[in-house]
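Chemist: Before I ask anything, let me first share the structure, which is written out below as structure tokens.
Bear in mind that the values in this text are calculations on the coordinates, not laboratory data. The shown structure was predicted, so the numbers you read here are calculated from the model rather than taken from an experiment. Cβ coordinates were reconstructed from backbone atoms using ideal geometry, including for glycine residues, and neighbour counts include every protein chain displayed.
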Amino acid sequence: MSLNITLPFGKEDTIKNLVFTILSKEYPLKIIELTNFIRKRYGKAVTFQAVRKALLELVENEVLIKNKTEFSINKEWVIKSKSVIDELYLTINQERITPKGIDSIKGEVSVFTFNSLNEMMKFWEEIIDDWYKDFKRGNPNINCWQGAHGWEAILHLDTEKKIMGQLKKKGIISYAVSTGSTPLDKNLWKFYKKIGLKVRLYPSSKLIDRTYYVGTYGETIVQAQLPDKIVEKLENFFKKNKNLENLDLDELAEIVNSRQKIKLTVIKNLGMAKQINKSILSQFD
């Protein structure tokens, strides 16, 4: 039985994933050997240049190592990745805690639960604000975010303006991919564009996972999986409200403050953050 591992390199049949899969079984290999493997074994028409580009990017991210003209998987990357997964496994199997502040974030992986979406978002904003305050010249200055709806700009407008308004002053480049593209989404993202964010909206599709939200802040990754019930209510709210005028704020407040257990994971891993950034930035090409 073959083992399929989900990797942060995009779809399963991307060149990076195919290269990694091949090198996990046969190594070391040269570029031409990998190119032939992909063509013959997977029936994928790839060029030597495309395989070379994928290999060099994986080397740059320390996933692979190059010895003269041959490539193999970096054992140190494997060990570090295993360490992250092991810690995550232990953490999610422990009793989840409710954070009392930024100091509650301990170690490489921290998992928290909240009693409402609004409670979770306030903590998320606190993490962002803390990153901005501690940001120094020379630190990784790319911030990426992906999610369905930026509803917090409606209820937390002053907070969002204060936090995200620091972008230009700090020299941070911020990218946001919205997987929701209703008229209300488009209106909300105009606000973020005005304060310096680069925004990409996707057409509505049932294939998109609207439960998943993720953001990177230097070496810190913040991600959350929203309950289906809340996602459905948010979807209905954004579909029926076409613009920022005449919004039913009470309805939105009821949705985000309704008692529902929501998990938020905070990961401290620069390599993983860079991979997420690349995935999000690729959607701006």
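Chemist: In the set [x] 62, 44, 38; [y] 107, 34, 27; [z] 63, 42, 28, which value of Cα extents along the principal axes in Å was calculated from the structure you see?
Modeler: [x]
Chemist: Using 0.36 nm per residue of separation minus the Cα-Cα distance, give me the extension gain between residue 186 and residue 24 in nm, one decimal.
Modeler: Net length gain for the segment: 54.0 nm.
Chemist: If I take every Cα pair under 8 Å that is 6 or more residues apart in the chain, average their sequence separation and divide by the length, what percent do I get for the relative contact order? All intermediate terms of the calculation are to be shown ahead of the outcome.
Modeler: Values: 394 pairs, mean separation 54.9, N = 285.
Relative contact order for the chain comes out at 19 percent.
Chemist: Next up: Say the cut-off is 24 Å between C-alpha atoms; which of 193/263; 186/240; 242/274; 66/278 go over it?
Modeler: Table pairs above 24 Å Cα-Cα are 193/263; 242/274.
Chemist: Based on the mean of other beta carbon atoms within 10 Å per residue, what is the order of 260-266, 71-77, 132-138, most packed first?
Modeler: Descending packing order for the listed peptides: 260-266, 71-77, 132-138.
Chemist: Shifting gears a bit: Can you show me the helix-derived [θ] at 222 nm for the chain, built from DSSP H runs with n ≥ 4 at -39,500 (n - 2.57) apiece and divided by the number of residues, rounded to the nearest 500.
Modeler: Per the formula, -14000 deg cm²/dmol.
Chemist: Could you tell me whether the stretch 15-73 comes out rounded, prolate or oblate from its Cα gyration tensor? Rule is a ≥ b ≥ c as square roots of the eigenvalues, rounded for a/c under 1.5, then prolate if a/b exceeds b/c, otherwise oblate.
Modeler: Verdict is prolate for the stretch 15-73.
Chemist: Taking H as built 1.01 Å from N, whose amide H comes closer than 5 Å to the amide H of residue 217, not counting residues under 5 places away?
Modeler: HN-HN under 5 Å from residue 217: 222.
Chemist: Rounded to the nearest 0.05, what FRET efficiency do residue 202 and residue 69 give with R0 = 35 Å and r taken as the Cβ-Cβ distance? Could you check?
Modeler: 0.30
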